[in-house]
Amino acid sequence: MCITFFHRPACSPDQPFKLVLAMNRDEFLERPTRPAEWNGNLFGGWDQQDGRAGGTWLACNRRGHIAFLTNIYTGGNINKDGKGRGFLVVDYLNGDKSAEEYLSDLAADVSLYNPFNLVLLEPGQDGYRVWEYSRNSLGCTAPHQIKEATYGISNHPPGSQYIKSAKGTEALRNIVAEPKSKEEMLNALEHMLKDSQCNWPDKQIESQSVVGGTAGPFSHCNQSLSSIFVDMPNKGYGTRTHTMILVDQQNNIH
């Protein structure tokens with residue numbers, strides 16, 4: 001499980017930030033990973049797992065484009081032959097296609113991937129435009145723009161939502177309601193990302209943990225996965241990192 005929240009205020013010089021983004025990366029604790037650093041023209045954390053090395057779940061480039069990816073939960077049912085999804089983030093950020101063009105080409109690509117949500121944030125004169133494309137066990141969604149100013153996305157397909165996604169989205173709305181300094185904003189976002197309260201029962205999580213009538217090997221962990229901050233030491237799994245990105249009115253990325 002991973003979860004990401006972002007806020008794009010209406011274009012106004014009174015707003016200190018053009019973009020506020022906060023993400024928890026949930027992963028097996030032993031999965032080899034390099035910390036956030038520059039890799040060519042991209043800045044992000046880097047997967048080092050065999051066959052996946054060089055991919056990432058979240059990164060930005062020097063032009064201010066940002067991309068992130070979450071898997072779509074299947075209770076742990078995966079196809080081991082699926083291509084590494086983290087390279088989709090890298091390919092977009094290293095390329096010169098618009099977000100819409102990139103996702104349209106991806107939608108036409110018949111390569112095998114396990115289910116995912118890919119979100120691309122593209123800077124423009126009126127602030128960030130956000131595009132999303134998803135593949136899941138039921139098919140694909142057409143590339144589309146996310147219009148909401150404040151939004152939360154986890155491991156659910158578009159059109160669905162976990163309780164924790166809605167809860168965190170509302171928490172972010174409250175955080176950005178009052179102007180904050182960079183330090184105040186980062187502290188508030190980190191506090192939100194550390195929320196370990198289970199939001200259970202959650203019918204959406206339950207429904208996704210069974211694929212083709214077969215409950216996945218992680219389905220018995222559903223309740224533990226219902227919190228924004230996931231901690232499952234007995235499984236060697238949980239929230240490994242918090243990432244917070246602020247883009248100010250001078251187009252500096254923090």
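The values are calculated or read from the model by the stated rules, or taken from the named source; none is laboratory data. Nothing here was measured: the structure is a model prediction, and the numbers come from that model. Cβ atoms come from the backbone with ideal geometry, glycine included; neighbour counts cover every protein chain shown. Accessible surface is based on the protein model in full, side chains and every heavy atom, while ligands, DNA and RNA are left aside. Shrake-Rupley method; radii C 1.70, N 1.55, O 1.52, S 1.80 Å.
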Output for the range 47-73, where each listed residue is β-branched (Val, Ile, Thr) and part of a strand (DSSP E or B): Ile66, Thr70
The range 127-152, subset among the charged types (D, E, K, R) and closer than 16 Å to Phe6 by Cβ, residue surrounded by the most Cβ atoms within 10 Å (Cβ to Cβ): Glu132
Residue in the range 100-110 that is open to solvent by less than 20 Å² (accessible area, probe 1.4 Å), more than 21 Å from Leu225 (Cβ to Cβ) and not in a loop (DSSP other than H, G, I, E, B) present: yes
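Wholly within the range 1-46, which strands (runs of 3 or more DSSP E) include no fewer than the required count, namely at least 2 residues that are buried (at least 21 other Cβ atoms within 10 Å of the Cβ), of a type outside the set (Ser, Thr, Tyr) and in contact (Cβ under 8 Å) with a residue 40 or more places away in the chain?
Numbers: elements: 2-7, 17-28, 33-39.
Output list reads 2-7, 17-28.
Conditions (1) under 15 Å from the mean Cα position of the chain (by Cα); (2) within 26 Å of Tyr162 (Cα to Cα); (3) hydroxyl-bearing (Ser, Thr, Tyr), marked per residue:
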residue	(1), (2), (3)
His7	yes, yes, no
Pro16	no, no, no
Leu21	yes, yes, no
Thr56	yes, yes, yes
Ile72	yes, yes, no
Asp81	no, no, no
Gly84	no, yes, no
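For the range 236-248, what are the residues that are surrounded by 14 or more Cβ atoms within 10 Å (Cβ to Cβ) and out of contact with any Gly (no Cβ under 8 Å at 6 or more places or on another chain)? Outline the logic, then answer.
Restricting attention to the range 236-248, the residues satisfying the condition of being surrounded by 14 or more Cβ atoms within 10 Å (Cβ to Cβ) are 237-248.
Listed by number, the residues that qualify are Tyr237, Gly238, Thr239, Arg240, His242, Met244, Ile245, Leu246, Asp248.
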